[in-house]
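See structure below.
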Amino acid sequence: MPSRRDILVMVAIAAGVPSALAQQIKMDRVEVHADPETDFSAFKTYGWKDPVASTGRHETHMSIIWYVERGLEKRGLKKIRDDDPAVPDVFVRYYAKGKSTIESTPVATRDMLPGGPENLTTSFDLRKARAGTLILEMQRASDNQAVWRAGSHFSIDNKRIDAEVNRAVDLLLTRYPPR
């Protein structure tokens, strides 16, 4: 028979599981705009347009390019090289922006002195946080009209920037082609 301590530990673990699952399952919000008149199945090739607002960091820029190219390849689009005279069906462009903020988490502590009054205090844990916005856009090459655009906000962990970029690009490209 489990002891009272074992039961308390099991209850604490069980209480933490839904919280951990909720954090893992939480999906970022993705906004998608697509031209309803466009037949996306007709697009077979793409080329890059220079990003309007580059990330400012070469490594991040290259990560975005690499992951977008892999994602479009998985969706059946073939890249037309810059030196190829062929005109692609669509041009791809990205917009990226990052900002630093300070996030705070309230922490309540209760001190109780033996035989004395209880002391309840609240403090805040502060941490520097970075957030980013990534927007992918496709423009029809024949008339330079935007036919598809998806964007989302995401957190940035400087130690895992490549993984964060991969996750953000994958999240956006799950919405291409539009249904």
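Observations, loosely collected:
- Consider the stretch 160-179 and keep the residues that are in contact with a helix residue (DSSP H, G or I) (Cβ under 8 Å, 6 or more places away or on another chain) and in a loop (DSSP other than H, G, I, E, B). The one that is nearest to Y95 (Cα to Cα) is Y176.
- Count of the stretch 123-157 residues which are within 27 Å of P106 (Cα to Cα) and under 19 Å from the mean Cα position of the chain (by Cα): 11
- Matching residues, the stretch 90-103, being loosely packed, with under 12 Cβ neighbours inside 10 Å and not hydrophobic (A, V, I, L, M, F, W, C): K99, S100, T101
- Residue ID - modelled with the lowest pLDDT, chosen from residues in the stretch 142-168 that are open to solvent by less than 20 Å² (accessible area, probe 1.4 Å) and closer than 17 Å to A34 by Cα: S152
The values are calculated or read from the model by the stated rules, or taken from the named source; none is laboratory data. This one's a predicted model, so the numbers in the text were calculated from it and none came from an experiment. Note: ideal-geometry Cβ built from the backbone for every residue, glycine included; neighbour counts use all protein chains shown. Heavy atoms of the whole protein, side chains included, go into the accessibility calculation; ligands, DNA and RNA do not. Shrake-Rupley method; radii C 1.70, N 1.55, O 1.52, S 1.80 Å.
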